[in-house]
Amino acid sequence: MIQPSIQQDFLDLFYSDISDYPLENGNKLNVLTLKVINNTFAYEQLVELLGNKLCHFALSRAEVKTLKEKDQLNTLVTKAKAKLREYIEKEKASARAGQNEGGELGELLLYCLLECHLKAPKILTKLEIKTSNQMYVNGADGVHLLKVTSRDYQLVFGESKLHGDLAQGIYDAFASIATLLDNRKDKLFFEIDLVNSQLVKEVFDEAAYEVLKKILLPSAQEDVTNIDYSFGIFLGFNIEISAEEKRKSNAEFRAQIRERIKSEVESKVATINYQIKKQNFAGYNFYVYVIPFSELSANRVQIINALKQ
């Protein structure tokens, strides 16, 4: 079996302000707030942290392993940044065609959270496929594998939205998932050929490949594993910080902003539950992650620009 590439220390930069909050149908909500230093979110530390994880997001496990074994660390970083730049250009072209623009930061954060918090290693990311010559599964930001029990597994499809208004981000995320399900109703939207083509890049020997293949593509007659489909959702939203708040003592500011964030998200739980209870989502699991940003529009651009340089 493959293991997550992103370790638990990724979470050290965040306060866990809401942990495994129960949603409808046994689903979970987690709110992580970026550490506050001198009354400001620690964006510089976030850029450094994400920069250290970028190669795992942009490249396959096999490629990362090979370059590390050859001690080609500079090549590893260069290739990952080049992949990110290429992906951003392709996403901009898609945006001109009416699709969402600027979602790379959300995709990267969701990837890290699914790996280190949910402990669901990736099978592929949209970035990996969109910068190759292959068709990607419609809509999903990536696919991860979650082990539920010794015989039960889930393929977790990623959906990330960064929107100033949290309620709108929730609506947009579930609308995207509904479209994805509707478009792929007959085949359950997952391309078996795509899984096969990418799977070999995530394992390092034939035995591991065969084990993983049996999990992902089980035979009801021969195999003892079950595979279901679920969704990992990342929601980034904007939290306004006034000049008066910034003048407060560090301790007072930290406590106040975290309480405001918690209150804001809790006020939207009913909205999330309303979406989950829709008939077309019956039988699916949802793992919802929320991270607030100050000056979201400006900071998302600055973070991605810093990562791709």
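The values are calculated or read from the model by the stated rules, or taken from the named source; none is laboratory data. If you're wondering where the values come from, they're calculated on a predicted model, not measured in any experiment. Here the Cβ is made from the backbone with ideal geometry for all residues, glycine too, and neighbour counts use every protein chain on show. Just the protein is used for accessible areas: all its heavy atoms, side chains included, with ligands, DNA and RNA removed. Shrake-Rupley method; radii C 1.70, N 1.55, O 1.52, S 1.80 Å.
Looking only at segment 24-59, which residues are among the charged types (D, E, K, R) and touching a residue at least 12 places away in the same chain (Cβ under 8 Å)? Correct list: 24, 28, 35, 53. Going through segment 270-295 one residue at a time, which ones are over 21 Å from residue 10 (Cβ atoms), touching a strand residue (DSSP E or B) at 6+ places or on another chain (Cβ under 7 Å) and not polar (S, T, N, Q)? Once the filter is applied, which keeps residues that are over 21 Å from residue 10 (Cβ atoms), touching a strand residue (DSSP E or B) at 6+ places or on another chain (Cβ under 7 Å) and not polar (S, T, N, Q), segment 270-295 yields 272, 276, 284, 286. On the stretch given as segment 138-158, residues that are open to solvent by 10 Å² or more (accessible area, probe 1.4 Å), in contact with a helix residue (DSSP H, G or I) (Cβ under 6 Å, 6 or more places away or on another chain) and farther than 16 Å from residue 3 by Cβ total 3. The residues of segment 36-58 that are farther than 30 Å from residue 82 by Cβ and either of a type outside the set (A, V, I, L, M, F, W, C) or not in a strand (DSSP E or B) (or both), listed by number, are 38, 39, 40. Just name the residue that is farthest from residue 235 (Cα to Cα) out of those in segment 15-44 that are acidic (Asp, Glu) and open to solvent by 70 Å² or more (accessible area, probe 1.4 Å). Only one residue fits best here, namely 44.
Condition first: assigned to a helix (DSSP H, G or I), open to solvent by 60 Å² or more (accessible area, probe 1.4 Å) and over 30 Å from residue 57 (Cβ atoms). Can you find one or more residues in segment 299-307 that meet it? No, that holds for no residue. For segment 6-14, the criterion of being surrounded by 14 or more Cβ atoms within 10 Å (Cβ to Cβ), touching a Lys or Arg at 6+ places or on another chain (Cβ under 9 Å) and over 30 Å from residue 250 (Cα atoms) is satisfied by at least one residue.
Against the definition (loosely packed, with under 13 Cβ neighbours inside 10 Å and modelled with pLDDT under 90), how does residue 60 come out, yes or no?
no
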